[in-house]
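The values are calculated or read from the model by the stated rules, or taken from the named source; none is laboratory data. As the structure is a computational prediction, the values presented were derived from the model and not from experiment. Backbone-built Cβ (ideal geometry, glycine too); neighbour counts: all protein chains shown. Accessible surface is based on the protein model in full, side chains and every heavy atom, while ligands, DNA and RNA are left aside. Shrake-Rupley method; radii C 1.70, N 1.55, O 1.52, S 1.80 Å.
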Amino acid sequence: MGKKSLSSSSQSWWWRGWRYLHPQHNLRSPQLLTLFIISFVALTWLLSGLESLSVEHQLENVKKNIRSWSIVEEEDDPLNVERRRAVKEAMIHAWTCYEMYAWGRDELQPQTRDGVDSFGGLGATLVDSLDTLYIMGLDEQFQRAREWVAKSLNFNKNYEASVFETTIRVIGGLLSAYDLSDDKVFLEKARDIADRLLPAWNTPSGIPYNIINLRYGDARNPRWTGGKSILADAGSEQLEFIALSQRTNDPKYQQKVEYVIEELHKTFPADGLLPIYIDPHTGITSYSKISFGAMGDSFYEYLLKAWIQGNKTESVTHYREMWETSMKGLKSLIRKTTPSSYAYICEKTGSSLSDKMDELACFAPGMLALGSTGYGPDEAEKFLSLAEELAWTCYNFYQTTPTKLAGENYYFPAGQDMTVGTSWSILRPETVESLFYLWRLTGNKTYQEWGWNIFQAFEKNSRVDTGYSGLKDVSSGEKDNMMQSFFLAETLKYLYLLFSPPSFISLDEWVFNTEAHPLRIATRHANGETYSTIGQDRLQERFHGRKGRSGSN
């Protein structure tokens, strides 16, 4: 078939316009040509202006949404106002240096003033920082980051990504930015990367592999795990994928991650403590270490938080039941030092206990405090007391070193309090996270004081002209060459919230993933099909309608 013809009316309109541009006609009627050109330029300018206005209108809406989160400082404690401003200034410094030296790269290397793609070039620091920028009211920085996400964030990469790290940092960061700003570009990007991760769950047991090629979908486990999946990796993707199903009304994401919990529930031990390695072919845990530190930690965290995310309804009760069982197991790992009676969480292999605790395990005091509210009064008091004891230990991980910054892990020799094991410090957030929860749940300002002391130690030892660096050694203070993305996503955010009113990002409306990305709580109904989001009506009206990380992390 030949090309379709224009209608006679269309034909005549186009001919009338075109003939004014024809050289013969121009010579006869130069005035008409001039009129046509002026009209054409004016029309082009008008359309361009409307497009520009549309973009400006979108950005103005984002700006209005950001400003609606501003804290009324006049009504707040002046000391909190001062400290919050100091933390915000630290975020501005970290972000400005990232923009200057590593824009769009995964992480900033402050010493060499460049960026490194430690996560395959997914803009990890930028995406991880979105909600921190939003929460702090840094609207211009947020808008620039938003434009990069919209125009430059590309997941079609021949890169073998960590399913866990990509989930908690990228999907978590995008979903949180969406929940806060209501900007659908973040939801669309979250869905894109989640679809690329989904083949990792295509195993005989449904326990996911931990590594996947983002372009080709080939999934596997690291060689150093002996082909096994890591507990914290497989058990710490629930919040993000459940939230994604809720926001997109597509159940496939939730089904994948909840099946993992169902499988683990079938053989859940009486003490609720699982070894850190699981066979993805059989779903059976392997003989290996039990830890609330690296490779174990956030599994237990997500059991509690999936219950909170579902608004504690009957349909998510099994999460709470599994978590309470695990907390009985946690209590069996508690030991105390002499002479100072510091409480700590042992690691366990078989029947043997090891007197070692990772700084990563310092998320546990906050988790215990958060979960204590689900118990009766007597039991709640016991768990809150344990949380406070462990927080004191974690705070002293910082206070007992020359730099007042914590090492990566600690040992507790007989007759001694604590000694640093691995001596590096990489700007980790876990202790500050627990101080945030304890302050929110007890109102005890001591936790604010501890957090301020830790912040000052970061400022003294980690701040450089080009960003923030970790330490190679907490005794000497020698700096490394990495500003971890979680410093902006977690450490500074929790510090900022530690000095903010409890109603700001309320724990009644938000649940934080293990990368400190707040996700809006949504009631889970028994049929699993309908959801109502806590506070969403108010949000729409306003918009006018650990963790389980390897040592390298």
Among the residues of region 242-261, are any over 24 Å from the mean Cα position of the chain (by Cα) and either acidic (Asp, Glu) or more than 30 Å from residue 177 (Cα to Cα) (or both)?
no
Of (1) open to solvent by less than 10 Å² (accessible area, probe 1.4 Å); (2) assigned to a helix (DSSP H, G or I); (3) within 22 Å of residue 107 (Cα to Cα), residue 514 satisfies every one except (2)
For region 474-484, does any single residue satisfy the condition of being buried (at least 18 other Cβ atoms within 10 Å of the Cβ) and among the small types (Gly, Ala, Ser)?
no
Is there a residue in region 430-440 that is under 28 Å from residue 95 (Cα atoms), open to solvent by less than 10 Å² (accessible area, probe 1.4 Å) and of a type in the set (D, E, K, R)?
yes
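Restricting to region 397-421, name every residue that is surrounded by fewer than 16 Cβ atoms within 10 Å (Cβ to Cβ) and in a loop (DSSP other than H, G, I, E, B).
Step one: list which residues in region 397-421 are surrounded by fewer than 16 Cβ atoms within 10 Å (Cβ to Cβ), which gives 399, 402, 411, 413-416, 419, 421.
Once the filter is applied, which keeps residues that are surrounded by fewer than 16 Cβ atoms within 10 Å (Cβ to Cβ) and in a loop (DSSP other than H, G, I, E, B), region 397-421 yields 402, 413, 414, 415, 416, 421.
Only residues that are among the basic types (Lys, Arg) and touching a helix residue (DSSP H, G or I) at 6+ places or on another chain (Cβ under 7 Å): list them for region 259-311, please. Step through it out loud before you land on a result.
First, the residues of region 259-311 that are among the basic types (Lys, Arg): 266, 289, 305.
Answer for region 259-311, where residues must be among the basic types (Lys, Arg) and touching a helix residue (DSSP H, G or I) at 6+ places or on another chain (Cβ under 7 Å): just 305.
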In region 283-305, is there at least one residue being out of contact with any strand residue (DSSP E or B) (no Cβ under 9 Å at 6 or more places or on another chain), open to solvent by 20 Å² or more (accessible area, probe 1.4 Å) and over 15 Å from residue 387 (Cα atoms)?
no
Selection count where residues are closer than 18 Å to residue 450 by Cα and open to solvent by 50 Å² or more (accessible area, probe 1.4 Å), scope region 351-396
3
May I ask you to verify whether residue 426 is more than 27 Å from residue 384 (Cβ to Cβ), under 23 Å from the mean Cα position of the chain (by Cα) and not polar (S, T, N, Q)?
yes
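Mind checking which residues of region 367-382 are farther than 21 Å from residue 514 by Cα, assigned to a helix (DSSP H, G or I) and not small (Gly, Ala, Ser)? Don't jump to the end; show me each part of the working.
Just the residues of region 367-382 that are farther than 21 Å from residue 514 by Cα, to begin with: 375-382.
Right, trim to assigned to a helix (DSSP H, G or I) and you get 377-382.
Listed by number, the residues that qualify are 377, 378, 379, 381, 382.
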Kindly indicate the residue of region 212-233 that is in contact with a helix residue (DSSP H, G or I) (Cβ under 7 Å, 6 or more places away or on another chain) and open to solvent by 20 Å² or more (accessible area, probe 1.4 Å) and also farthest from residue 122 (Cα to Cα) among those meeting that condition.
219
With the condition kept exactly as written, say whether any residue in region 164-185 is over 17 Å from the mean Cα position of the chain (by Cα) and open to solvent by less than 10 Å² (accessible area, probe 1.4 Å).
no
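Could you please find all residues in region 100-118 being open to solvent by less than 60 Å² (accessible area, probe 1.4 Å) and over 15 Å from residue 489 (Cα atoms)? Please lay out each step first, then the result.
Of region 100-118, the ones open to solvent by less than 60 Å² (accessible area, probe 1.4 Å) are 102, 104, 106-110, 114-116, 118.
Matches in region 100-118: 102, 104, 109, 110, 114, 115, 116, 118.
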